[in-house]
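**Q** I'd like to ask some things about the structure below.
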């Protein structure tokens, strides 16, 4: 199975990879369909289904879809230009995509939130339509935002298997068992095998510079989050806390009264900085999703700043190892909160971070697999119940705790020889089964859990 590190870690915008980035990408793909069509179009419309409807406002799904239809993409998103475009569309009821005629579009009437049953393919479904001069639909496509910014149309969803992904890479592991067997046979580390797979599709310079870019964006996001103040948007009036915690930690440095457990606060503050930026619609990296974007960078920052002997040269090793584990979770279960709850998002991120940290601390492939399993196992059953549909409560703090679990999991794994009772594959399969059994109320719909038991106005 081959899932590129640049698919697992994608530069985009907050607050959600599934609800913001995915719909924006889907809309851009629909524009390409329109450009390739022989029809003359006069308008566009769409409908959002499942979780995209239930938490669409809080996740800015409507805004992302509109901007996608106007030609915006997550990786090149410009906030100031987006604000002007949204205002123009609301005033004029016209969208003007690149290389297409001006199209009629009234946000209030032409983008519908459908709160009925989910579309058959996935909990995050959307239908986009183009109309002619009479208002008749002459082009239509269904898209599914399947987590982490990945988007499939209806036909692609029906064809999903790993036969194509296994082609053309030297180490096509689709399970952790295969990964460990290939590592033992080849004598290579997980990161080395992952890098060899990447080099089957990209040049050495592309891989090196691309991974450096991923960490640059992650690091910049942490730094922005550590200096911002004020309340997050959306109506909950959640106060940014990362700056205050960070300043207190800096002030305590060197004092003899600082308790050893304060290191947990450092891990948390790095993760919270990222997820506060995500909640504000800032630039983040899916890791593997936006809602879980703080865990991996927090653990990597913890390694670089707090672990004796840490080396910036090992950033690539960390991220390649993490992406290998994330690919296994995505391929064999899910990284989508709407499909499998937060066990898939923060649980998957914690497993990735634990594996990455274990790797750079000298762990063997077996110890790395053990670290990922420990981290994931202790997120199983975790629900996704964002208050008011916003990626704020409990999401921001949850990333901090996911980072702490990742570090603890790596440390425990390094205390052993890699031998353990529950294989990572069994844990991932349990995640999948638990996601199937989990009530829809607890899968990013904000219809249960904290979302209904916490006052949100």
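Read-outs: derived from the displayed coordinates by stated rules, not from any lab. None of the values given here were measured: they were computed from a predicted structure. Methodologically, a virtual Cβ is constructed for each residue, glycine included, from the backbone with ideal geometry; neighbour enumeration extends over all protein chains shown.
**Q** According to the square roots a ≥ b ≥ c of the eigenvalues of the Cα gyration tensor, what is the shape class of the stretch 231-344, taking rounded for a/c under 1.5, prolate for a/b larger than b/c otherwise, and oblate for the remainder? Numbers along the way, then the final one.
**A** Numbers: a/c = 2.31, a/b = 1.22, b/c = 1.90.
Oblate.
**Q** I would also like to ask the following. Residue 261 to residue 227: FRET efficiency via 1/(1 + (r/R0)^6), r the Cβ-Cβ distance, R0 22 Å, to the nearest 0.05? Provide the component values of the computation, followed by the final result.
**A** Numbers: r = 25 Å, r/R0 = 1.15.
Given R0 = 22 Å and the Cβ-Cβ separation, E is 0.30.
**Q** By per-residue mean of other Cβ atoms within 10 Å, what is the highest-first order of 390-396, 183-189, 305-311, 347-353? Before the final figure, lay out the partial values.
**A** Details: 390-396: 24.9, 183-189: 13.9, 305-311: 10.6, 347-353: 35.1.
Result, highest mean first: 347-353, 390-396, 183-189, 305-311.
**Q** Where the centre of each part is set by its Cα atoms, how far does the stretch 346-397 sit from the stretch 77-98, in angstrom?
**A** So the separation of the two Cα centres works out to 37 Å.
**Q** Mind checking the full-extension length gain between residue 132 and residue 156? Use 0.36 nm per residue of separation minus the Cα-Cα distance, one decimal, nm. It would help to have the intermediate numbers written out before the result.
**A** Details: separation 24, 0.36 × 24 = 8.64 nm, distance 2.65 nm.
Roughly 6.0 nm would be gained on extension.
**Q** With the cut-off at 1.5 for a/c, could you classify the stretch 16-158 from its C-alpha gyration tensor as rounded, prolate or oblate? Present the calculation step by step, with values, prior to reporting the outcome.
**A** Values: a/c = 1.45, a/b = 1.17, b/c = 1.23.
Since a/c stays below 1.5, the shape of the stretch 16-158 is classed as rounded.
**Q** How would the stretch 102-211 be classified by its alpha-carbon gyration tensor: rounded, prolate or oblate, with rounded meaning a/c under 1.5 and the a/b versus b/c comparison settling the rest?
**A** Values: a/c = 3.35, a/b = 2.43, b/c = 1.38.
Prolate shape, in that a/c is at least 1.5 and a/b is the bigger ratio.
**Q** Further question: Which residues in the stretch 1-15 place their backbone N less than 19 Å from a point set 7 Å from the Cα of residue 201 along the Cα-to-Cβ direction?
**A** Label zone hits: 1-12.
**Q** Of all the C-alpha pairs in the chain, what % are more than 27 Å from each other? Kindly include the intermediate steps, with their values, before the conclusion.
**A** On the way: 53887 of 104196 pairs.
When all Cα pairs of the chain are counted, 52 percent exceed 27 Å.
**Q** Right, another one. Mind ordering 10-19, 261-270 by average Cβ neighbours within 10 Å, highest first? Provide the component values of the computation, followed by the final result.
**A** On the way: 10-19: 29.4, 261-270: 19.6.
The peptides rank, most packed first, as 10-19, 261-270.
**Q** Let me ask something else. Mind ranking 58-66, 200-208, 281-289, 429-437 by how tightly packed they are, going by the mean number of other C-beta atoms within 10 angstrom, highest first? Display every interim value, and only then the final one.
**A** Numbers: 58-66: 25.6, 200-208: 13.2, 281-289: 27.3, 429-437: 16.4.
Taking the mean over residues of other Cβ atoms within 10 Å, the ranking is 281-289, 58-66, 429-437, 200-208.
**Q** If you don't mind, there's one more thing I want to ask. Once both labels are modelled 7 Å past Cα along the beta-carbon direction, what's the residue 213-residue 36 spacing in nm?
**A** Computed distance between label sites residue 213 and residue 36 equals 2.4 nm.
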